[in-house]
Structure formats: C-alpha cells, structure tokens
Amino acid sequence: MASELNVPTMAEMFASGQKPEVLFWVGCAGSFDDRAKKITKAFVKILNQANVSFAVLGTEESCTGDPAKRAGNEFLFQMQAVTNIEVMNAYEVKKVVTACPHCFNTLKNEYPGLGGNYEVVHHTQFLKQLLEEGRITMEGGSYKGKRITYHDPCYLGRANNVYEAPRDLIRKLDAELVEMKSCKQRGLCCGAGGAQMFKEPEKGDKDINVERTEQALETKPEIIAAGCPFCNTMMTDGVKSKEKEASIAVLDIAELIANAQDL
Amino acid sequence: MQYVPNFLFVVILVIGIGFFTRNIFRLRRNILLGKDVDVSDNRSQRWANMTRIALGQTKMVVRPIPGILHIIVYLGFIIINLEVLEIIIDGIFGTHRVFAGLGGLYDFLIASFEILALLVIVSVTIFWIRRNIIRLKRFFKPEMKGWPKMDGNLILYIELVLMLLFLTMNAADFQLQQLGADHYVQAGSFPVSKYISALFADMSISNLILLERVTWWMHIVGILFFLNYLYYSKHLHILLAFPNTFYGKLTPKGQFKNLESVTNEVKLMMDPSADPFAAPAEDASEPEKFGASDVTDLNWVQLLNAYSCTECGRCTSECPANLTGKKLSPRKIMMDTRDRLEEVGKIMDKNKGEFKEDGKQLLDDYITREELWACTSCNACVEACPVSIDPLSIIMDMRQYLVMEQSAAPSDLNNMMGNIENNGAPWPFNQMDRLNWSKES
C-alpha cells in the first residue's frame, strides 16, 4: 500500500468554499461490499495520482433506488431519488462519475425526470478521458501480453451503448483482448441485474453466472475484466464454481490500471 | 353471361377486402384499449427508425442466414404484389395482361417476378427445413406447441402454393402465347416458367386455357385468403412491423419510465406544507392503479407490440433466464398479451362493445409470477427483436403491480427494499458507515 487515500467529502469541500471537478458516486456495493471496496479504492488511487479534484458524498449518499425500481417498487425508488437529488443539487453538483453501471444508468437516465440533471459518466469513460488528456499514463506492466476477456455489464453496454471505453483501456495495457461469443450488443447478462442480486434465482437448470463464466472460459483468459461490482461478484462466483480461481482473476478495469502502475 | 367472371371477381374482391377491413378496425379497437402514451415526439427519428429497421431489415441480418432468406421473401412479397395490381384490373375489366403495353419494361418486370418467385420458393423451403427437419431450438419452446407451430408452417405452405400457382399460371400462359391462342397477347419474359411449360407441351389449347384460368383464379383467391389469414396469425407482422418500429422506444434501453402518479405522491410526501390528513378534493378522481395486472393496464404501444410479434423467438434465445432453464420466455410474454387482448376483444364483441368481467386477467391466468421474477432486466430481448418490441416494459409494469398493489415481492426482495428504506442500502449496513472504506487499508 503506497500512501493514505485522500477522499474528501462534499461537506468538507463545501465548508472550505471549494467545488470539486467531479462527484465520485461510490454506490452501495462500492461502500459496503468487501470485494467492491477494493475497486473503489483502486479508482481513488488513480484519481489521487492524477490529482483529480473530486469528492464523495460519504454518509450523505444513499442508494440510488435502482434495485427497488427494477423490483417494481417505483415508490421507494422515487423517494430515494428525490432525497439524493436534493443533496446533490444543494452541493450544485454538475458532473458525476461512478464505478457502478446501475448507479450510472439511474443517475444518468432516470434522475433528470425528477429534477436531477448532471453529466454522468462511468469510471471507464472517465479514465479514458484522463488518459486522453494526458493526466494519467498507462503501461501494461504485469498485464502486458496477458489474455483478458471483457464482460459487458448490461447497464453499461446494451442499456447505454458504452462498449469501447473499457475495451480501449484494456488495449492500452498492451494486453490481448479476447472476445466471448456473446459480447457487446449481444453480451450475456451475469445474472445479477433487475434486483436478481438480492434474491435466489428462480427454478432452472443452471445459474446464469455459471453460463456466462463458461463463455468466458472458452476464450482461455488469464483475466476476466468487468466494469461493474455486481458482475464482478457473479463472475468471481462463477470462476470459483469451476474451481479456476487459482489461474483466472476477475478484476475491474480500475484495478487493472491501478495494479499495472503499482498504485 | 359474358360478364359473369367479372361480376364474380368483383364480389370475391369486395368480400375479401371488406372482411379484412372489418378485422383491421377490430385490431385498432383492441390496441386502443391500452392506456394513452405520448409518442408524438421526435418524428424524424421515428421515420428514420422505421425506414432502417422495418423497411431496411437491418436487425434481421444480425443472424445472416435467416436474415438474408427473410429479405428475399420480403422483397418477393412486396415486388410480386405489383403483379396483383394487374391481376385485379384484369379481373374487373376482363382484360388480359393489361400492362403488356409497357413492352420491354413489362418483360423485365415479369422476368424479375419469376426469379423472385423461384427464390421465395427456395427460401420458404429452407425455412420449412429449419422448422421441421433441423428443428431449431427456438421453434420448440413450450409456448410454441399447437396453433403457434401450425401457424408457422401454414404460412410457409400458403406462400409456397401461391408462388407455385403464379409460376404455373405463367407457364400455361407462355405455352398459349407460343401456340398463338386468341386473347393471349405476346407479352412478358418467362425465365423460370418456360421450363415448367415444357411439361405442358402435349396439352390442347382448351386444356391449357383451363389450366391458366384455374391457376389465375386460385392465385388471386389465395392472396385474398392470405390477407384475411393475417389477423388470426403471427403473420400480422408484415403490416404492423412498420408502425411498431415507428413507435418503438427512443430513449436509452436502460431508462425505465418514471411513474408520474408516484411522482405526485412523493412530492406530496416531501412537501412540508401538505396536510397529511386533508380530505381528498371533491373532484378528485379514483387513485390510479400502479402497474399492470391486465392488458388494459398496459399502454397501447405495448399492445401494438403484442400484435406485431411474429414469434421468431430471437428474444427468447438470447434471454439469460430462458437459456438457463427458467420459465421466463420474453416471446411468451408477448404471445400471452396478445391472447389475453384477443379474449378481451371477443368478450366486447359479444356484449355490444362493452367489456364484462370474466374473472380472468393477464397476471396469473396467462403470465405467472415465477416468469416475472426470473427477469434480470438485461434488455437482451429488446436488443434481439427485429421489430422493436419491448417485452421488458411489460414485465416491469407487472412487477410494479405485484409490489405496489399487492405487496407480493419475493421475501428476499422485501428484505432488500426494507434495507433501502431504513438505511439507504440494499444490505443492512448503517448509512453512517458509508465512508469507512476510505479509512481501511
């Protein structure tokens, strides 16, 4: 571990009369899930290294309401949304970055109708922009030449047509990007969307994450890259169910970049 | 007596088109049983989508083999129908090949119709083989038993027969032209049927005339029959694909609509000056039902979606739930919606346009809760549909009904929602601990 993370909150910044360039929306998984917290930290390390002026809402952040909406509870969703919008509007938030495609989709598409208008980007888009602006540099490091397959999160890919930013970043690592048979527009879901993450699957003959993991394994990857904390969990579980966890790592794009630079 | 055929033709034509018109009005009435939805925005984008997706068939070729075969049948269907115009004029006025005066252009047109007809026969045969010999998996899901399976094959048989009749008619005509029979003008070029006409080399002129007339009549009667078959068949997509792609969703696939009725209530709750105990206003309407339990709770675009579905099953074959053996099939969602809507329509027909409760609804009687809860909302079905149908929106509307009207979510989801309500996260963590990660190593 290099150094302490520098994670200012909006409240602190506001108190000192500062306004960050961007709000980092951490999300529930990124805040509480042990695996996802590593993604959050990796992303913050990159932000710190690039001297990005950002802040988080910290204890003022609350669930976007996505899982409630997808479960059919529009009421709870809108309560969450209106509360979050009040907080963000009070801080005059203009731009939001998040490492969770579900938060990304909800903030970007469903908040405007309720009074929350922000420029919302996924962390892979943000990282790509930092790279293009020369604010971060990327070297393959230990990932040079590695076979990496990328799993498209539904709420980033199909839902919002973001396919290239994560792939461009993987290519920049000098890694060998290999595609699964279902990818991009036809990417297969990991099984977590639509609030499935929080319930047992319905009766069937297989779990969706196992099906998707099999597609990933067909590409003989050394790493399965993901851009979503839920996909990450599902793919990690899938790899474990195939007893491949010793040889195949499931990593977020932010982790790949942070690790490659020994952050 | 001379005008008997003309008279008969006009009668058949009027009956055929009249019956079809009646069904179109019925179709329109049923679709408009759905709730109103404003789709008057972005006209130019909508025209572009219709042109690209329906006219241009761009989403069909995502799967190249059926896509290209489908384009052949589609082009054949549209272009050969130019010939129907001539047949109708000939039928009404007793002329024969009334457009023969077009000369070289006429030869070219007839020749291209014939080549297309042959290509249609080849394509339809391959389609039949895919359905019945290769038995592609997506044609053998539980919802495809019985009528849907037969419907799919019947369409292929009808198309095959129509094309064979057309070519046989031309072959007999060509032979008659060779023999210089009265009334049969030298017109047209017959690159396909000239080979068939070799079979008729020994036939007398009167028999040839009989053959030509019989196939001519069967062909046009067959077309009118097929036109009327549409309303009862999945084949309605040949008409509805156009409005359906026009009214298709324009916003990002991940954007689900925010319910306005809920927004109003939420605003009221957040308004510190609102009196929670105030009596409803005198003129207040019944509180709106949240979500959908029957077809009339859906909007009319969703109902149009249901009639536009041609049961190809591309949605189902991409659905992660269906791929892993769950009960959910997006195609079945659309078929159920159409079946229930038809049922509601029939009840209305029986009761002078008035709907009488029949103790049934879309939820449970057609679509089970197990199907609804299997969806991951991944949009694979929406992406896969070649005519912009959105099965996901129906699933979500029905989930809303289950959760907001019936409090009937699976218990795991109730826990998740309870957590969000209490501590702002789907898991039972304290909101005050949200930033703890930044201090952990």
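I'm trying to understand the selection: among the residues of the stretch B:127-141, which are closer than 11 Å to B:CYS312 by Cβ and in a loop (DSSP other than H, G, I, E, B)?
The answer is B:LEU136, and nothing else.
Whether any residue in the stretch B:345-359 is in contact with a strand residue (DSSP E or B) (Cβ under 8 Å, 6 or more places away or on another chain), modelled with pLDDT of 95 or more and in a helix (DSSP H, G or I) is what I want to check.
no
Across the stretch B:259-277, what is the number of residues that are touching a Leu at 6+ places or on another chain (Cβ under 6 Å) and facing chain A (nearest Cβ under 8 Å)?
Filtering the stretch B:259-277 for residues touching a Leu at 6+ places or on another chain (Cβ under 6 Å) gives B:274.
Retained after the next criterion (residues that are facing chain A (nearest Cβ under 8 Å)): none.
Adding up the residues that qualify gives 0.
What number of residues within the stretch B:404-416 are over 15 Å from B:ALA374 (Cα atoms) and crowded, with 23+ Cβ neighbours inside 10 Å? Give the steps one after another, and end with the answer.
Taking the stretch B:404-416 first, the residues over 15 Å from B:ALA374 (Cα atoms) are B:404-407, B:414-416.
From what's left, crowded, with 23+ Cβ neighbours inside 10 Å: B:416.
So the count comes out to 1.
With the requirement that a residue be more than 7 Å from chain B (Cβ to nearest Cβ), within 13 Å of B:ASN258 (Cβ to Cβ) and among the β-branched types (Val, Ile, Thr), what does the stretch A:65-96 give you?
Scanning the stretch A:65-96 gives a single hit, A:ILE85.
Mind checking which pairs have a first residue in the stretch A:9-36 that is more than 9 Å from every other protein chain (Cβ to nearest Cβ) and a second that is of a type in the set (Lys, Arg), Cβ under 8 Å, 6 or more apart or different chains?
A:MET13/A:LYS19; A:GLU21/A:LYS95; A:VAL22/A:LYS95; A:LEU23/A:LYS95
Pick from A:TYR118, A:TYR143, A:TYR155, A:TYR163: which is under 19 Å from A:PHE43 (Cβ atoms) and either in contact with a Lys or Arg (Cβ under 8 Å, 6 or more places away or on another chain) or surrounded by fewer than 17 Cβ atoms within 10 Å (Cβ to Cβ) (or both)?
Answer to the check: A:TYR118.
Checking B:PHE290 against (1) closer than 28 Å to B:ARG369 by Cα; (2) under 23 Å from the mean Cα position of the chain (by Cα); (3) in contact (Cβ under 8 Å) with a residue 24 or more places away in the chain, which single condition isn't satisfied?
Among (1) closer than 28 Å to B:ARG369 by Cα; (2) under 23 Å from the mean Cα position of the chain (by Cα); (3) in contact (Cβ under 8 Å) with a residue 24 or more places away in the chain, B:PHE290 violates only (2).
When you go through (1) among the β-branched types (Val, Ile, Thr); (2) over 28 Å from B:ILE155 (Cβ atoms); (3) in contact with an Asp or Glu (Cβ under 8 Å, 6 or more places away or on another chain) one by one for B:VAL382, which number turns out not to apply?
Going through the list (1) among the β-branched types (Val, Ile, Thr); (2) over 28 Å from B:ILE155 (Cβ atoms); (3) in contact with an Asp or Glu (Cβ under 8 Å, 6 or more places away or on another chain), B:VAL382 breaks only (2).
Conditions tested, residue by residue: (1) modelled with pLDDT of 95 or more; (2) within 30 Å of A:PHE77 (Cα to Cα); (3) in contact with a Cys (Cβ under 6 Å, 6 or more places away or on another chain).
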position: A:GLY134; (1), (2), (3): no, no, no
position: A:GLU139; (1), (2), (3): no, no, no
position: A:SER142; (1), (2), (3): no, no, no
position: A:GLY145; (1), (2), (3): no, no, no
position: A:TYR150; (1), (2), (3): yes, no, no
position: A:GLY157; (1), (2), (3): yes, yes, no
position: A:LEU173; (1), (2), (3): no, no, no
position: A:CYS190; (1), (2), (3): yes, yes, yes
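If the requirement is being more than 8 Å from chain B (Cβ to nearest Cβ) and out of contact with any Gly (no Cβ under 9 Å at 6 or more places or on another chain), which of these qualifies: A:ARG186, A:ARG167?
A:ARG167 is the lone residue from the list that is more than 8 Å from chain B (Cβ to nearest Cβ) and out of contact with any Gly (no Cβ under 9 Å at 6 or more places or on another chain).
Taking B:PHE166 as the residue in question, decide whether it is among the aromatic types (Phe, Trp, Tyr), more than 29 Å from B:MET335 (Cβ to Cβ), surrounded by 15 or more Cβ atoms within 10 Å (Cβ to Cβ) and assigned by TED's automatic domain parsing to the domain that holds B:TYR232.
yes
Has the stretch A:52-60 got any residue that is of a type in the set (D, E, K, R), in the same structural domain as A:MET88 (by TED's automatic domain parsing) and within 24 Å of B:GLY424 (Cα to Cα)?
Our first condition is that a residue be of a type in the set (D, E, K, R); within the stretch A:52-60, this holds for A:60.
Retained after the next criterion (residues that are in the same structural domain as A:MET88 (by TED's automatic domain parsing)): A:60.
Checking which are within 24 Å of B:GLY424 (Cα to Cα) leaves us with A:60.
Scanning the stretch A:52-60 turns up at least one residue that is of a type in the set (D, E, K, R), in the same structural domain as A:MET88 (by TED's automatic domain parsing) and within 24 Å of B:GLY424 (Cα to Cα).
Would it be correct to say that B:LYS141 is in the same structural domain as B:ASN228 (by TED's automatic domain parsing), surrounded by fewer than 16 Cβ atoms within 10 Å (Cβ to Cβ) and among the basic types (Lys, Arg)?
Taking the combined requirement at face value, the residue does not satisfy it.
Which members of the stretch B:266-278 meet the condition of being surrounded by fewer than 18 Cβ atoms within 10 Å (Cβ to Cβ) and either of a type in the set (Lys, Arg) or assigned to a helix (DSSP H, G or I) (or both)? Can you show your working first?
Initial filter on the stretch B:266-278 (surrounded by fewer than 18 Cβ atoms within 10 Å (Cβ to Cβ)): B:267-278.
Those that are surrounded by fewer than 18 Cβ atoms within 10 Å (Cβ to Cβ) and either of a type in the set (Lys, Arg) or assigned to a helix (DSSP H, G or I) (or both): B:LYS267, B:LEU268, B:MET269, B:MET270.
Table: residues versus (1) more than 30 Å from B:GLU343 (Cα to Cα); (2) surrounded by 15 or more Cβ atoms within 10 Å (Cβ to Cβ).
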residue	(1), (2)
B:ILE24	no, no
B:ARG28	no, no
B:ILE31	no, yes
B:VAL39	no, yes
B:GLN45	yes, no
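Sort out which residues of the stretch B:397-412 are facing another protein chain (nearest Cβ under 7 Å) and touching a residue at least 40 places away in the same chain (Cβ under 8 Å), and write them in order of number.
B:ARG399, B:GLN400, B:LEU402, B:VAL403, B:MET404
Does B:ASN258 satisfy being without any contact (Cβ under 8 Å) to a residue 12 or more places away in the chain, in a helix (DSSP H, G or I) and over 29 Å from B:MET144 (Cα atoms)?
Spelling it out, it is not the case that B:ASN258 is without any contact (Cβ under 8 Å) to a residue 12 or more places away in the chain, in a helix (DSSP H, G or I) and over 29 Å from B:MET144 (Cα atoms).
Tally time: how many residues in the stretch B:416-441 are more than 7 Å from chain A (Cβ to nearest Cβ) and at pLDDT 95 or above?
Count: 8.
Report, by residue number, each residue of the stretch B:87-144 that is touching a Ser or Thr at 6+ places or on another chain (Cβ under 7 Å) and β-branched (Val, Ile, Thr).
Residues satisfying the conditions are B:ILE89, B:ILE110.
Just to be sure before I move on: is B:SER285 away from chain A (no Cβ under 14 Å) and surrounded by fewer than 23 Cβ atoms within 10 Å (Cβ to Cβ) in the structure I sent?
yes
For A:LEU173, indicate whether it is under 15 Å from A:ASP252 (Cβ atoms), buried (at least 23 other Cβ atoms within 10 Å of the Cβ), in the same structural domain as A:LYS244 (by TED's automatic domain parsing) and over 18 Å from the mean Cα position of the chain (by Cα).
In short, yes.
Let me confirm something: among A:VAL120, A:VAL178, which residue is closer than 25 Å to B:GLU383 by Cα and touching a helix residue (DSSP H, G or I) at 6+ places or on another chain (Cβ under 6 Å)?
Working: A:VAL178 fails: touching a helix residue (DSSP H, G or I) at 6+ places or on another chain (Cβ under 6 Å).
The unique qualifying residue is A:VAL120.
The values are calculated or read from the model by the stated rules, or taken from the named source; none is laboratory data. Only a predicted model underlies this, so the values are computations on that prediction, with no experimental measurement involved. Ideal geometry is used to build each Cβ from the backbone, glycine not excepted, and the neighbour counts take in all protein chains shown.
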